[in-house]
Amino acid sequence: MEPAAAADDRLADCPMDVEVTPPVAIGQGYFDYQRFKVAMREPGKPARTLTRDIVRGGRVAAILPYDPHRNEIVLIQQFRLTAHLALGLGEMVEIVAGRVEPNEDLIETARRECVEEIGLEPSVLKELITYLPTPGVTDEAITIFLGIVDAENLPERAGAVDEQEETRPVRASIDAALAALAAGRVHNGNLVIALQWLALNRQRLGELSSATATV
């Protein structure tokens, strides 16, 4: 067995010495679009000021639902205008995901979104990874959970009516899902990252399935 690699401090996100002005609104729709002035200071270098415009996306909980009794995952299909415009593939395969509402925490959002989008409440939620999908454009931060579910009574249709959302839940074997990933047949970022995690950690599913629920 090869020895563990030494930690390299360059390979970790870290705080930076900056001053950020209050935001100026430059557009508002479903999300706020804001402009900031950022003064950056680095040792031995003159200070520099940058202007950055960002979309305020906020926190998102995404869930990879897994049924350990059937050794299947639950995905959803739904229309995405952005996918239609970018790739001509508007009918996307995704995992459950949704934005954290005011006075909610991530776990509450993850549980609510599972009920809304696949009609199932997870018995266990295990936090896996947090990432920034497009840090040059938005402050959206996505946390992916593994959600343990019983998919026996999976509905044909789901979705939050008040959000004009319609989702079509789909049960899939892990092998089929990973084959779709390898063949480049899926493009949703949350799904791609969740399936990559699954490919690396498949042997841990039994351990994670029996873990105490994160509440």
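The distance between label points at ARG204 and ALA180 comes to 2.4 nm (points 7 Å beyond Cα on the Cα→Cβ vector).
Note on ASP105 and GLU165: the model spin-label points, each 7 Å out from Cα along the C-beta direction, lie 2.1 nm apart. Each Lys or Arg adds one and each Asp or Glu takes one away; over the other residues whose Cβ falls under 12 Å from the Cβ of GLU94, this sums to -2.
Computed with a 1.4 Å probe over protein heavy atoms only, the accessible surface of the chain comes to 61 Å² per residue. Compared with the dominant Cα axis of the chain, that is its longest principal axis, helix 189-201 is turned about 70°. Local charge for ARG157 was computed over the other residues whose Cβ lies under 13 Å away, with Lys and Arg +1 and Asp and Glu -1, and equals -4. Tilt of helix 106-118 relative to the longest C-alpha principal axis of the chain, in degrees (0 to 90, nearest 10)? That works out to roughly 50 degrees. Only Cα pairs within less than 10 Å get springs; with that Gaussian network setup on the chain, which residue of GLN203, GLN78, GLN34 has the largest fluctuation? With Cα springs under 10 Å in the chain, the top fluctuation among GLN203, GLN78, GLN34 is at GLN203. Values (1) 0.95; (2) 0.98; (3) 1.02 are given for comparison; Rg/Rh (Cα atoms, Kirkwood Rh), derived from the coordinates here, is the one labelled (3).
The mean sequence distance of close C-alpha pairs (under 8 Å, at least 6 residues apart), as a share of the length of the chain, puts its relative contact order at 19 percent. For the pair PHE36 and ARG56, the difference between a 0.36 nm per residue extended length and the Cα-Cα distance amounts to 6.0 nm.
The phi torsions of the range 165-173, fed into the Karplus equation with coefficients 6.51, -1.76 and 1.60 and a -60° offset, translate into couplings of 10, 10, 10, 10, x, 9, 8, 9, 6 Hz, rounded to whole numbers, with Gly and Pro shown as x.
The values are calculated or read from the model by the stated rules, or taken from the named source; none is laboratory data. Just so it is clear, the structure is predicted and the values come from calculations on it, not from any experiment. Methodologically, a virtual Cβ is constructed for each residue, glycine included, from the backbone with ideal geometry; neighbour enumeration extends over all protein chains shown. Areas reflect the complete protein model, heavy atoms only, side chains present, ligands, DNA and RNA absent. Shrake-Rupley method; radii C 1.70, N 1.55, O 1.52, S 1.80 Å.
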